[in-house]
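Accompanying notes for the structure given below.
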Amino acid sequence: MSAGSNREREKRVKAKLAIKKHILSGRIVKKISAERDIVPEPVDSSMELSSEGSGATNIVQRFINSSDLPREIIQEKLLNGLNEILGKDAHFTEIQIQIHSDEKWEVFLGEQRKGLIPLTDSGSGLKTIILCLLNLYAIPHLEKKSASEYVYLFEELENNLHPSLQRRLLKFIEKFAFSMGCTFFLTTHSSVALDAYANSDSAQIIRVIHDGKEARTTTVGKYFDKLDVVRDLGAKASDLLQANGIVWVEGPSDRIYFNCWVELLAGGRLQEGRDYQCAFYGGSLLARYEALAPGEEAPESTNMLAVNSNAILICDGDRTAESGEGSRIKRRASILKTQMGKQPSSYTWITEAKEIESYVPTEILCQQWNKKTLKPIGQYEPFWHKPTKKNPSKGYFEKYSLTKTVDKVSLALDTTPKMTVQNMGEMFEWGREMKAIVDKIEEWNR
């Protein structure tokens, strides 16, 4: 073949490549960040929804109150989607908006026999679901676009969502993507997402690995690849009903700390998957749990002791210097502690410091954030808190960390290898509580 023929072929190939478009080319990107919230807001004409959730209240307000927007987007489509995802966990009869004396609007959800409940009194998981639905229903209408024109980037939807809620939300997203022709990218640390999409013809699972120098991705296709991902996420094959005992923790990062602390005090005698099994209760959903003898539980609650009467509950105290007694969730944890205290094979640790991260030794955080010295965290000082207009104070992380964001799992994985019995022994009541917990787990296994 002559040089002229090669040049001509090269020219034709380049011409075809120039007009070839990626399947996602031209799509509109919408994102939900891992750190998100829906809060009361003043009227804002911008009608923009940020990835952190700001603007959500104002959008709901405009759809309900404005004559030029269809209120059925919120009061029918969003409400029906919300109830479909919640399943038997809850059923809302209406979504309304009300204005406070400070001229800020707030979203209210109506339940039969309970009336209207402000969204600020609801859990973070519920707000996550509403933010998803606003992106799927309200935003396309505001921008006069079809859902098929969007690419959705949703980070860690599992935060504060019970596994059953995660499954229903993921199923809803898959059904929406298939019916509307849009694309979703989901980042997750949850094994629930892997289970939900492992056999889906319309989903692809990509594993991200960082070796300390660079990140690389691998498309999960083979059965053994999937087992590796499960191992990375911390999921175990052991059945909760057959475990010697269950340790109930809020989420994956708490499990990492707990397993490290058991290793420190038990010296390898106790192992998760053999001597106990961790289970996640999902943050604010703790309010839906009971710890009662069989037959005493309420029908709308999940009984921890019905799963296994050998049970340990670990949860953040959420105390503040002002209240001492802490938040609504903390009071709920106190009720559970009383209930579990009636069972000789169970135990409860409600942290005296504000949250689990408060127990990371200061010397480790100095190494983590490249600081010579750090002020020890206060008992009631929040570890995580981004400043807001209502509360401009920074959390411990926001004050001293070199990075603006980090997920809880990454911090736990980075700090636990440096923990010792000596530096942990200085952290509030850690030594006393963990000794009691280790003793209880050994009691289960005698």
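The values are calculated or read from the model by the stated rules, or taken from the named source; none is laboratory data. All figures in this text were calculated on a predicted structure; none of them were measured in a lab. Cβ coordinates were reconstructed from backbone atoms using ideal geometry, including for glycine residues, and neighbour counts include every protein chain displayed.
Within the range 424-435, does at least one residue satisfy the condition of being in a helix (DSSP H, G or I) and loosely packed, with under 13 Cβ neighbours inside 10 Å? Steps first, please.
Kept after step one, since they are in a helix (DSSP H, G or I), are these residues of the range 424-435: 424, 430-435.
Filter once more, so that each one left must be loosely packed, with under 13 Cβ neighbours inside 10 Å: 432, 435.
Yes, the range 424-435 has at least one match.
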One residue from Arg269, Arg255 being without any contact (Cβ under 8 Å) to a residue 40 or more places away in the chain and out of contact with any Lys or Arg (no Cβ under 7 Å at 6 or more places or on another chain): Arg255
For Thr415, work out the one condition from (1) in contact (Cβ under 8 Å) with a residue 60 or more places away in the chain; (2) in a helix (DSSP H, G or I) it doesn't fulfil. (1)
Odd one out for Gly317 among (1) part of a helix (DSSP H, G or I); (2) modelled with pLDDT of 85 or more; (3) not hydrophobic (A, V, I, L, M, F, W, C): (1)
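Going by the conditions given, is Leu79 surrounded by 17 or more Cβ atoms within 10 Å (Cβ to Cβ) and either over 26 Å from Phe185 (Cβ atoms) or touching a residue at least 12 places away in the same chain (Cβ under 8 Å) (or both)?
Yes: the conditions hold for Leu79.
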Going through the range 150-190 one residue at a time, which ones are modelled with pLDDT of 90 or more, among the hydrophobic types (A, V, I, L, M, F, W, C) and in contact with a helix residue (DSSP H, G or I) (Cβ under 8 Å, 6 or more places away or on another chain)? Phe154, Leu157, Leu169, Leu170, Phe172, Ile173, Phe176, Met180, Cys182, Phe184, Leu186
Within the range 112-162, which residues are free of Cβ contacts under 8 Å to residues at least 40 places away in the same chain and in a strand (DSSP E or B)? Gly115, Leu116, Ile117, Pro118
